[in-house]
Every structure is written in structure tokens, then in C-alpha cells.
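One structure below.
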Amino acid sequence: MELDKVKDLSKDSHQTYLLKSPNWSEVLTTAWNTDMNRLSYVVLLLLWRCCIFQQFAVFPGQVPYEHLVDPLTDSESPINCGPPPNVDNAMTLASSRREFVRGSAVFYQCYRMYEMEGTPRARCLHGQWVGVPRCLQTCRADDADMERNNIKLRSITKSTSMRASDYWMLFECKSGFQKDPSSPPFMKQCVTGPWVYPRCI
């Protein structure tokens, strides 16, 4: 049987042999029984696995590449979007169209005394609106909370600004009560975060 001589990977001049039509079992047995270094044997072993099975082993939990299927190809992906979603306490600065092409953008504006979380711009991507903001309440004058603290709302700053932080609320004690010396300020700025009511006793 004809052999091709291939230089060994070891430092000495030993040689290994690969068959033109390889009987790999014979090659491996011969390589192991000769004075061949272990590294060359491992290389032959890897070549044998590759050539016999034509692919590397698939370990448990792995899926062969040819079995992978894209559940949603580009041709099947939705391109356009429907109307942009409504956001509580906000208005949408967009046309009344029922369909928007991919890449379209709309803008939101929170109502007065509401602070925007996120950016005002939302975009249509792959059939969905992304980057839709929220509008958070800043000024609070809950009847139950004011009753519990013996206060009432006296006034709210008049402004045409759309920024919540430009508004202030002024509270005062209900009749028959006076300010608690340890109370927070009775003038409250409309900003996001914890809201602590002033207190009267």
C-alpha cells in the first residue's frame, strides 16, 4: 500500500505515514507502536475523527447548524407599524394615519405638571414602536393625604411652561390647625421623586 511521508511534529527526524486511501485504524495503531511523540498522535486522532464523521461531534444540548431555522425571515418580518401607542398623561404629536412605514418617528408631549421618563421620540422598527416614553406625576394634592396632614391646597403657580419643574404648589393649614415646627416646607416644587406633604397639628 503506497504511503505519503509527512514530517513528524517532534524535534527528532522520525516520520509518520498517511495512507492515500487511509485505513485510519491501521495508521493510528502503527503511529502508537512506533517511537512517535504523543502530540503527533493526538493530531492524527483529530484528523481521523474529522475525516470519518465529516463533522465535529455535537455535544448534548447543541443543535447542528443545518438544523437551525430562522423563525422569522426578513421577507416575513412586518415592516410597517400601526398607530403609535397612547401614553397616559401625554399627547402624541403625529398625524392620524393608521399605518407608518419602517423608520417613521412620532413625538410625545407630557401634560403640564407631568415629567417625561425617556425621550419624546419613538420610532417604528420591525413592525413595533420602540422608545415609547412615560409621563410621571410630579405635583400631588391627594385629598386623603391632605386630610391626614390637616392641610389644604392654597394655590398652584400659574405658568404656560410645559416643564413640570416650573410649577410650584403652596399648601396651608386647615382651619383650627397650625404648622408643625418639624414640617417640611409648605411650598413644594413639582419634581419627580418622593413627595412629602407638609404637616399641621
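The values are calculated or read from the model by the stated rules, or taken from the named source; none is laboratory data. Owing to the predicted nature of the structure, the values given are computational and were not obtained by experimental measurement. Note that we place each Cβ from the backbone using ideal geometry, even for glycine, and neighbour counts take in every protein chain shown.
Do you know which residues across the range 164-182 are in a loop (DSSP other than H, G, I, E, B) and touching a residue at least 24 places away in the same chain (Cβ under 8 Å)? If the condition is that a residue be in a loop (DSSP other than H, G, I, E, B) and touching a residue at least 24 places away in the same chain (Cβ under 8 Å), then Tyr167, Lys174, Phe177 are the ones that fit.
Inside the range 136-152, residues that are surrounded by 14 or more Cβ atoms within 10 Å (Cβ to Cβ) and over 22 Å from Met91 (Cβ atoms) make up a count of 6. Apart from one condition, Gln178 fits all of (1) loosely packed, with under 15 Cβ neighbours inside 10 Å; (2) over 30 Å from Arg199 (Cα atoms); (3) modelled with pLDDT of 95 or more; the exception is (2). Of all residues in the range 137-182, those satisfying the criterion of being under 42 Å from the mean Cα position of the chain (by Cα) and of a type in the set (Ser, Thr, Tyr) are Thr138, Thr157, Ser159, Thr160, Ser161, Ser165, Tyr167.
Just give me the residues in the range 108-119 being surrounded by fewer than 20 Cβ atoms within 10 Å (Cβ to Cβ) and more than 19 Å from the chain's Cα centre (by Cα), in sequence order. First the steps, then the outcome.
Step one: of the range 108-119, the residues surrounded by fewer than 20 Cβ atoms within 10 Å (Cβ to Cβ) are 109, 111-112, 115, 117-119.
Listed by number, the residues that qualify are Gln109, Tyr111, Arg112, Glu115.
Any residue that is of a type in the set (D, E, K, R) and under 30 Å from Cys81 (Cα atoms) - is there at least one of those in the range 132-148? Yes, the range 132-148 contains a residue that is of a type in the set (D, E, K, R) and under 30 Å from Cys81 (Cα atoms).
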